[in-house]
Each structure stands twice: as structure tokens, then as C-alpha cells.
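The block underneath contains the structure these notes are about, expressed in C-alpha cells.
The values are calculated or read from the model by the stated rules, or taken from the named source; none is laboratory data. All values reported here derive from a predicted model rather than from experimental measurement. Cβ placement follows ideal geometry from the backbone for every residue including glycine, while neighbour counts extend to all protein chains displayed.
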Amino acid sequence: MPFLYDMWPTLVANKILKKRLGSTNFIADYPSSYEQPLLDCADIDHHSHETIPNHLKEKHKYKVFVSTWNVGGIAPEEDLNIDDLLETNNNNSCDIYVLGFQEIVPLKASNVLGSENNEISKKWNSIIRKSLNKDQRDKVHCKSSHDDFQCIISKQMVGIFISVWTRRNICPFIQHTSVSCIGCGIMGCLGNKGSVTVRFQLHEASFCFVCSHLASGGREGDEKCRNSNVAEIFSRTSFPKGPLLDLPRTILDHDHVILLGDLNYRISLPEETTRLLVEKRDWDSLLENDQLIMELMNGNILRGWHEGPINFAPTYKYCPNSDIYYGCCCHGNKTQKKRAPAWCDRIVWYGKGLKQHEYNRSESRLSDHRPVKAMFTAIVKVLSEFKSLENMSLSERFEQINTPFEVSATDEIVCRKQSSFRL
């Protein structure tokens with residue numbers, strides 16, 4: 001302990017100084033058939049799009065899957081099956097998958113203050129890859145270079161981890177990938193709480209996904225700390241302007257924005273009342289007292305944001321490896337914090353052109369939280385010439401693209417600096 005106290009100022013300073021806002025310091029896959037990555041490079045100048053007549057543009061619908069899961073610091077086994085979460089067994093796969101996690105490592109001092117341990121995030125990406133590409137592998141017995149889904153962004157900050165995957169045939173049309181990490185935890189700056197936000201542009205639409213873990217606590221007034229975390233995340237998150245200084249810089253500048261995570265909002269009722277209503281499955285009475293819903297209705301945070309109807313049981317807090325809520329299975333221990341059930345894990349969205357089709361939970365017993373998932377349709381403007389290219393093989397595309405615009409030198413530099421290797 002004396003060593004920790006002596007090293008505290010240095011450790012804190014290093015963690016703060018190493019936080020890079022709007023950086024390309026993340027992990028991603030790239031098509032192996034090209035020497036240079038296509039992300040951020042196969043781009044028509046964003047400003048030039050505005051001069052192209054609308055009759056040369058079409059609207060295309062992309063299916064977007066989003067999930068959030070607090071895994072409680074439990075490392076996954078290599079054979080963990082997440083097909084139920086991703087719904088890969090129903091032949092209804094999406095075009096984009098965004099998976100957000102919280103507490104992928106225990107939130108102890110060595111993890112919060114020490115160097116980042118990426119071994120667990122690599123395990124999660126391996127599990128995601130296996131689930132998303134299972135059918136593809138079974139059909140052709142191929143190597144991973146032929147995976148139907150590839151990772152375009154993967155970023156960890158302490159226990160917060162987000163991983164974004166897209167169909168391989170749309171990877172060349174994704175540009176301006178970037179991440180921004182905001183710590184709101186210890187001393188108001190460390191990463192045990194906070195957000196990892198990722199953004200990219202698909203054709204002419206910008207997407208932004210905010211994976212968050214907000215302040216915990218079930219006492220009266222704790223929701224104000226969570227509101228403060230949200231305000232900090234939205235005010236401090238920023239992205240590069242781009243070579244022509246016209247790319248979205250803040251979260252709300254983007255066309256499609258989705259906030260996901262363990263937002264930690266509780267139910268403002270006595271614990272006994274909450275448990276009784278949960279036992280009766282009276283979701284309506286519980287949701288009337290849900291802190292996040294009340295904060296949204298009162299306009300205290302996230303004005304203009306949307307959340308789909310909640311028709312599933314509270315996702316927090318369960319006894320280990322069971323379907324019993326924490327506190328129900330140990331009535332004799334009066335000193336134990338019982339922590340009433342709550343919908344801590346949420347997905348909300350902002351912006352036109354997003355339509356939600358599903359909002360539900362999955363039933364994995366890995367941690368004391370249940371995963372939550374949502375499916376959306378996103379409307380994206382696509383140049384008519386490029387839309388036909390999505391059905392071609394990757395090797396045919398550059399031969400077919402004939403455009404008067406050139407890739408800027410700045411974008412080339414971004415490509416070379418960006419980390420690009422397979423997990």
C-alpha cells in the first residue's frame with residue numbers, strides 16, 4: 001500500500017496524458033488482398049458530395065445490431081456461445097454489428113491505474129468473429145481472410161470495450177473511423193467509469209456509437225452523478241475535423257447516434273416494493289419510477305433522444321449463474337447489500353433515419369447482468385455508381401470506380417498511422 005500511495009501522482013498523470021481524443025489508435029481488420037487498408041482511403045471527398053445532384057443519389061437501408069453487456073470482470077471461456085445474443089441462428093443477420101461491454105476486467109486499482117491489458121478484449125473479439133462467421137466457415141471451410149464480417153473498430157479503456165463489425169462487402173465504403181475515450185471515474189478522469197465512443201462514415205451518413213459505464217449507486221440523488229457523467233461525456237468527446245474541416249466533431253453532429261451501456265439508472269421505489277412488483281412482472285408500475293425515463297421526460301438529460309418500449313425483466317442484479325435476483329437467495333444475511341432489481345443496461349438513440357425494430361434482452365448467465373440488444377434500420381444516402389459496387393467482389397471494385405475526385409494526402413497519412421492487424 002505505501003508503494004501505491006507513492007506512485008499515485010505519477011500513475012494518475014500518465015493515465016490522463018495518454019488519453020487521446022479523436023484518435024485512430026484502435027484495432028481493426030482490413031481485407032488481406034490489398035497492401036494498403038481501404039478504410040479512410042477509398043473515399044470521395046466529403047465536401048464534394050454536397051455538389052453532386054440528388055438524382056445521382058439513392059437511399060439504402062442498412063440493418064444495424066447493437067448490444068450492451070456488463071460481464072462483471074469475468075473472463076469468457078474460448079467456447080462461449082453468443083449465438084443467442086447475436087441471433088445468428090435465425091438467418092436474419094445484420095449489416096453492422098456493434099457490441100459494447102463493461103467490466104471486461106475487474107475494476108481494481110491495478111487495472112484502473114496500470115497499463116491496458118488487451119488479452120481479454122482479444123478473447124471477446126475472437127468469440128464475436130467465430131459467431132458472426134460461423135455459417136461462412138461451415139459453407140466453404142475457408143481461412144479467416146474470407147470472413148463475411150470484419151472488425152472495423154475495436155477499442156478498450158480499462159473495463160469499457162466496444163467492437164464494431166460490418167459485412168466485408170461494405171468495408172471499402174467506410175471512412176473516417178475514429179475513437180474518443182473519456183474517463184469519468186476516480187478523480188473525475190480515470191477510466192473505471194466513462195465512455196469509449198466510435199464514429200465512422202458509411203457512404204454519406206455518419207454513425208456514432210457511445211459505449212458508457214456511468215456512476216453506480218442506488219441511494220437517493222445518485223442519479224445526479226449519472227447525469228453529470230452524461231454531460232461530461234457529451235462535452236468532452238471530440239473527433240478530428242478532417243482534411244476539409246467539415247467532418248462531425250461532436251457526438252450530436254453525427255447523422256445516426258446510439259448510446260449504449262450500463263447506464264446504472266435505478267428504480268426510485270423502496271426495495272421491498274420493487275421486488276414485489278418484479279415478482280408480479282408489473283413492468284408498467286416499475287417503469288413509471290425508472291430514473292432514466294423520468295430524467296428523459298423531465299428534460300434533465302438527452303433531450304430529443306428515444307428509447308424503445310421495455311417489455312423485458314430488469315437486467316440487474318442476479319446471483320451468480322442463476323435466474324434469481326441478488327438478495328432473494330440470501331435473506332439471512334442482514335449486512336449484505338441486496339441491490340434491488342433495475343434496468344441498468346440500456347440502448348437509446350438520436351437522429352433522423354433510424355428506426356428500431358427490436359429491443360430485448362438475452363439470457364446468458366455469465367455475469368450479474370443480462371445482455372441487452374436492439375436492432376435498427378438506418379437510412380443512408382448512396383451514390384448510384386457506388387451502390388452497384390457493393391455487389392461486386394473486392395478485386396473488381398477499384399477497376400470499376402471512375403471518379404474525378406482524388407484522395408487527399410491527409411487521408412493517406414491517417415491510413416499509415418492507424419493500427420491495423422487481426423486479433
Leading residue by the ranking (farthest from PHE200 (Cα to Cα)) among those in the stretch 87-108 that are without any contact (Cβ under 8 Å) to a residue 60 or more places away in the chain and aliphatic (A, V, I, L, M): VAL105
Selection count, the stretch 199-247, where residues are in a loop (DSSP other than H, G, I, E, B), small (Gly, Ala, Ser) and touching a residue at least 60 places away in the same chain (Cβ under 8 Å): 3
Positions within the stretch 265-285 being without any contact (Cβ under 8 Å) to a residue 40 or more places away in the chain and part of a helix (DSSP H, G or I), in sequence order: GLU272, THR273, LEU276, LEU277, GLU279, TRP283, ASP284, SER285
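What do you reckon, is GLU295 charged (D, E, K, R), outside any loop (DSSP other than H, G, I, E, B) and loosely packed, with under 15 Cβ neighbours inside 10 Å?
Values: charged (D, E, K, R): yes; outside any loop (DSSP other than H, G, I, E, B): yes; loosely packed, with under 15 Cβ neighbours inside 10 Å: no.
Taking the combined requirement at face value, the residue does not satisfy it.
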Hits in the stretch 53-102 - residues which are among the small types (Gly, Ala, Ser) and in a loop (DSSP other than H, G, I, E, B): GLY72, GLY73, ALA75, SER93
Those residues of the stretch 89-121 which are in contact with a helix residue (DSSP H, G or I) (Cβ under 6 Å, 6 or more places away or on another chain) and surrounded by fewer than 19 Cβ atoms within 10 Å (Cβ to Cβ), in sequence order: ASN89
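Restricting attention to the stretch 53-67, and to residues there that are buried (at least 17 other Cβ atoms within 10 Å of the Cβ) and out of contact with any Ser or Thr (no Cβ under 9 Å at 6 or more places or on another chain), which single residue is modelled with the highest pLDDT? Full working, then the answer.
To start, the set of residues in the stretch 53-67 that are buried (at least 17 other Cβ atoms within 10 Å of the Cβ) comprises 57, 60, 62, 64-67.
Right, trim to out of contact with any Ser or Thr (no Cβ under 9 Å at 6 or more places or on another chain) and you get 60, 66.
Values: HIS60: 94, VAL66: 98.
Selected residue: VAL66.
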Residue ID - farthest from ASN360 (Cα to Cα), chosen from residues in the stretch 51-110 that are touching a Gly at 6+ places or on another chain (Cβ under 9 Å) and small (Gly, Ala, Ser): GLY73
Long-range neighbours under 9 Å by Cβ, at least six apart or interchain, first residue free of Cβ contacts under 8 Å to residues at least 12 places away in the same chain within the stretch 109-136, second aliphatic (A, V, I, L, M) and part of a loop (DSSP other than H, G, I, E, B): GLU119/ALA75; LYS130/ILE82
Filter result (under 30 Å from GLU271 (Cα atoms) and among the polar types (S, T, N, Q)) within the stretch 198-239: SER212, SER216, ASN227, SER228, ASN229
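Can you name the residue in the stretch 186-206 that is hydrophobic (A, V, I, L, M, F, W, C) and over 19 Å from LEU252 (Cα atoms) and, of all such residues, is surrounded by the most Cβ atoms within 10 Å (Cβ to Cβ)? Walk me through it before giving the result.
Of the residues in the stretch 186-206, the ones hydrophobic (A, V, I, L, M, F, W, C) are 186-187, 189-190, 196, 198, 200, 202, 205.
From the residues that got through so far, the ones that are over 19 Å from LEU252 (Cα atoms) too are 186-187, 189-190.
Details: ILE186: 16, MET187: 11, CYS189: 16, LEU190: 21.
Restricting to residues being hydrophobic (A, V, I, L, M, F, W, C) and over 19 Å from LEU252 (Cα atoms), the top hit is LEU190.
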Filter result (surrounded by fewer than 22 Cβ atoms within 10 Å (Cβ to Cβ) and of a type in the set (Ser, Thr, Tyr)) within the stretch 207-257: SER216, SER228, SER235, SER238, THR250
Subset tally (residues that are without any contact (Cβ under 8 Å) to a residue 60 or more places away in the chain and either of a type in the set (A, V, I, L, M) or closer than 21 Å to LYS63 by Cβ (or both)) for the stretch 336-371: 7
